[in-house]
Every structure is written in structure tokens, then in C-alpha cells.
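The values are calculated or read from the model by the stated rules, or taken from the named source; none is laboratory data. A quick note: this is a predicted structure, and the numbers were derived from the prediction, not measured. Reconstructed Cβ throughout: ideal geometry from the backbone, glycine too, with neighbour counts over all protein chains shown.
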Amino acid sequence: MINDKAILVGVDGSHASYKATWWAANYAKHAGLTLQIVCAYSLPSYAAVSFDATYTAMGDDNAAHSDAQEILSKAKAIADEQGVEATTLIVTGDPASVFVELSRNYNLIVIGNRGKGGLAERLLGTTSSSLPAYAYCPIVVVPYTDDDGNLMHLNNTITKVAVGSDESKWGLKALEIAADFAAAWDAELDVISAVPNMKGSDDEGVMASFKDDLEVRIKPLEEAHPDLKINKQIVPGPAVGALTKASYDHDVVVVGSRGRGGFTGLLLGSTSQGLLQHAVGPVYVVPRKYVEAAETRLDTVPSSPAEVKPKALDDIKGVEEVPVAKAEPEVVEAIETKIDPERQ
């Protein structure tokens, strides 16, 4: 089963993952896509690090499978409430490697962040194993709280999108995707270009050069989207700080990833300055493999998956499509109240 018209969202029973499901379902509904929800676990450690739902006997595969189905039923109910078609999958084994393989088949993968360990920690924990560094499709990371534990509200409608821009092919692809994304929502686009070696904004020559370069990068977007409102910002200092700041008043922040090293080290490493660790809104990461595969396509379709060889689910070890029972409405209501009291 290969579905290039679907979004994949990972859940582990944490409220952070249910919040990611809500965002993914909302986006899927707007974009006319379907949703596939996956719950991952591994034995014998699943009860200790993966699930926030029911604790069962460590090493009991039947119990783990049952817990996964319960988690999926709650997540599917969140999607159902938004009128989105959703199927449910269970992954056994190492979720990081399986998610990379699954990323060959989807438009987008969405995961939550700042849960209590579990899936987010295993997919985002280190640069060497992080999903955004190795995926074949873009990844959206949805935060649950800010650094102080305050619950973050997500809007049904996206009105402001920010994108980190530089002259690399990753930066250019992120810019293109951000423009398409903003245009699809009829949102404003703020393009942020950082001048990392400047201590202030008094070097007029350097700033003028960066402004000229930014104008050149923006011109194709203005031609492709004549009705899109594009704002340009040249900011001194590290890009991570500027983009983290932008996450406070934008609905989505888009950024390119070079894979191992480079800007990814800032985004996905253990440094306290990492964007994913501190952003208070969804971060849309455009991975290296996606960009490189897109370069090989003869006919570029902006919203299509990268041109990589997909794998049927039957060929990916540890992936199983499973039916789930319908969650009780009051259970879903309690979850939605917990993940976002300000929801509309």
C-alpha cells in the first residue's frame, strides 16, 4: 500500500503526539489529503520509554499490541472529528529506521515534541539518528509546550508562515515549499535571511549585499505567486535565534536541512540553541534526501513526494495495518481539552 496522497503522523499515547495528530488532520483536511496514523513500540523496553497510556507487563507483546491499538483509536477519533479519512498502522522494532523507510511513501510526516520521552525522543534525540536528518519527505515537528511548560495553542487556519533563507539548494527548496504552503493557505510569508558574523546592523555594505541576494531569491516566488504577500527580513546573528523568535508569532516555520553537520547541527543537535528544542510553533523541516531527490525529477510537482523508490508496507519489516475500535466521545473530548484548551 503506497499512498503519495497521504500524511503520516506518529503517536505514542502522549498528549504531544495527539496534538501532532490534530495538526496533521487539520492540514490534511485543508490540503485534500488522507491521514495514516502509526504507533511504534519495541520490546522489552516499550513500557518504560514509549507509551504514556497503559503500563503493562514488560516484554508482553500481546499487551503492547493492545495498548498500541488503544492509542491509535484515540488518535483516529481526533482525525475523524475533522472529517479526515484515516487508517492506522502499528510498527514494531526500531521506530527511527522504520520511519525513514516509511518516509519514501508520503507527502509529509508529522510528529509531536516535548512529550515524556517516547517517540519524539527516539526520533529527535540525536543528530546521528534524528528523523529530519535522514527522511525522504519533509517532516513537521509540533511542540506541545514552550520551554517553561506553557501549553501552546494551534490555530485552525494558518495566516503567517516564516522561512529561513540562504543560497544553498536546501535553503532555496525550503523557500519554494514555504511559498507554496503559504499560498495554499492564503497566508503571509516572512522570508528571514540571517547574517551570522555581524554583531549589529551598522555594516551597510554587507547588509546591502544580503538584501540584493535575497531579492534575487525572492523574484521567482513573486512571479509564481503574484498574489502572495512576501515580507523580507535581514537579521544579524545566528539563524536559529531568528527562527526561534519567529515561531512565537508565526503558525509555521520552514527550514532546510543539510543532513549531517552544517545547519542541521544547529537544528537537530543537542545544543541548547537548536530550533526544534525551543520553537513554540510547528517547524517544517525540508530534509537533504528530499532536496537531492527533487533535483533528479524531470517534471517537478511542488507538493509531491521526493523521487525515490517507494516501498510497499509489506516490504517494510515490522509495519502492520490494523483496525481499531472507535474511541468514546468523552475520551476524545478529554484529550482535546488537555492538548489545547483554546481549541476552536
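So the values come out like this:
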{"quantity": "Matching residues, segment 147-187, being assigned to a loop (DSSP other than H, G, I, E, B), among the charged types (D, E, K, R) and buried (at least 17 other Cβ atoms within 10 Å of the Cβ)", "calculated": "ASP166"}
{"quantity": "Number of positions in segment 25-63 that are in contact with a helix residue (DSSP H, G or I) (Cβ under 7 Å, 6 or more places away or on another chain), within 23 Å of LEU131 (Cβ to Cβ), modelled with pLDDT under 80 and of a type in the set (A, V, I, L, M)", "calculated": "3"}
{"quantity": "Any hit, segment 250-261, residues being assigned by TED's automatic domain parsing to the domain that holds ALA178, crowded, with 18+ Cβ neighbours inside 10 Å and either modelled with pLDDT under 70 or touching a Cys at 6+ places or on another chain (Cβ under 9 Å) (or both)", "calculated": "yes"}
